[in-house]
Amino acid sequence: MWNKDKEKTLLEVCKKYTADARENVIFTEPYLPYKPKNWNGILVLAESQVIRNKEERYAKWLQQLTPTQRMTRLGGKEPRPPYPDEPEKIGIGPWDNGTIKLALQAIFEGAKLKLSLDEVAISNAVPWTHKSNGENVNPDEQMQAKAAKFWKEIFTAWKPDIKALVLLGNVAKRVMRKAGILEDKKYAENWLKLRLPSPNAINRVSGMFDCDDLKVRFPEVQEALNTLKMSEKVEQYKMKVFFACHAVSLGVGKFKEWSGGNNRK
């Protein structure tokens, strides 16, 4: 949650890029990251929202909002209509469906850190969605370049004290590199790049492994499943477990290093 003055400044950046948005986007307003009141310094960036057309339920909900509410759609101070049937939904797919939550929790378990998912900030690297006539279209180079300029201004105004920047996929990495964030001395050593948790991509590889065997070899993942009370009945369970193993393999060492041995369980 932003304080009043900070949100006002950041919304000015959003308004600037609303007026300068590409013609082929569904909603012209970019949006601010979801930042909880007690932010722990972790910012996760996925790729972009998947909105195939304005007839989708989420798109219809966005159409009800004011421009400012669309800019704070992931969570802000301004009152807004609750998302239908899912008031806890943030609007970042792999976060809302538990994939990122399981992966981060497994890293926390493996690094023995007292960190809470409720205190993690989350957004997308590209804060627009292509018009696509029902098809999912990845952000093109021009949209990524525009997103990089947007994030550069957001970081300049925000001045975040980032303890860990987690980038999901190549698009997020390219955007933040073009924005100059990954080379900035304040953040250069504190970022982790993971694969984009796309079910289509992950399932091609996860099918090569036995899920129960993975949980034995990566006990942090089983601990995270227990902590989150996530059972095999959850959708795309095997993919979520496999992605969490991937996150543990690449992320535990870095999070231990970044924590400096502090905040241990």
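Residue separation of Val216 and Asp96 scaled by 0.36 nm, minus their Cα-Cα distance, works out to 40.6 nm of gained length. Here's how it looks for Leu192: its modeled amide H is under 5 Å from those of Leu165, Val166, Leu167, which are all 5 or more places away or on a different chain. Measure off 7 Å from each Cα along the Cα-to-Cβ vector at Arg177 and Leu228, then give the distance between these two points in nanometres to one decimal. Distance between the two pseudo-spin positions: 2.8 nm. Structure note, pairs Lys8/Lys254; Lys16/Lys240; Lys8/Lys131; Lys54/Lys186: Cα-Cα distances above 32 angstrom occur for Lys8/Lys254; Lys16/Lys240; Lys54/Lys186. Extension gain for Ala145 to Glu235 (0.36 nm times residue separation, less C-alpha to C-alpha distance): 29.0 nm. For the chain, averaging the sequence separation of C-alpha pairs within contact (under 8 Å, six or more residues apart) and dividing by the residue count gives a relative contact order of 26 percent. Accessible area per residue of the chain at 1.4 Å probe, in Å²? Dividing the accessible area of the chain by its residue count gives 49 Å². Checking every one of the GluC sites (Glu not before Pro) in the range 27-58 against DSSP loop status and a limit of 14 other Cβ atoms within 10 Å picks out Glu55, Glu56. Taking GluC sites (Glu not before Pro) across the range 6-37, the ones in a DSSP loop with at most 16 further Cβ atoms lying within 10 angstrom of their Cβ are Glu23. If you plug the beta carbon distance of Glu135 and Ser249 into 1/(1 + (r/R0)^6) with R0 = 45 Å, you get a FRET efficiency near 0.85.
For Asn203, the shell of other residues with beta-carbons less than 14 Å away shows a net charge of +3, using +1 for Lys and Arg and -1 for Asp and Glu.
Annotation note: GluC sites (Glu not before Pro) in the range 117-175 located in DSSP loop regions with a Cβ neighbour count of at most 14 within 10 Å are Glu135.
Between Gln222, Gln64, Gln105, the GNM of the chain built on Cα springs shorter than 10 angstrom shows Gln64 fluctuating the most.
Working out 0.36 nm times the residue gap between Lys8 and Gln64, then minus their Cα-Cα distance, what length gain in nm do you get to one decimal?
Working: separation 56, 0.36 × 56 = 20.16 nm, distance 2.15 nm.
The Lys8-Gln64 span can extend by a further 18.0 nm.
Between Lys186 and Asp20, the FRET efficiency from the beta-carbon distance, with R0 = 30 Å, is close to 0.65.
The values are calculated or read from the model by the stated rules, or taken from the named source; none is laboratory data. Just so you know, these numbers come straight off a predicted model, no measurement behind them. All Cβ positions, glycine included, derive from the backbone under ideal geometry; neighbour counts span all protein chains shown. Please note that ligands, DNA and RNA were not included when accessible areas were found on the heavy atoms of the full protein model with its side chains. Shrake-Rupley method; radii C 1.70, N 1.55, O 1.52, S 1.80 Å.
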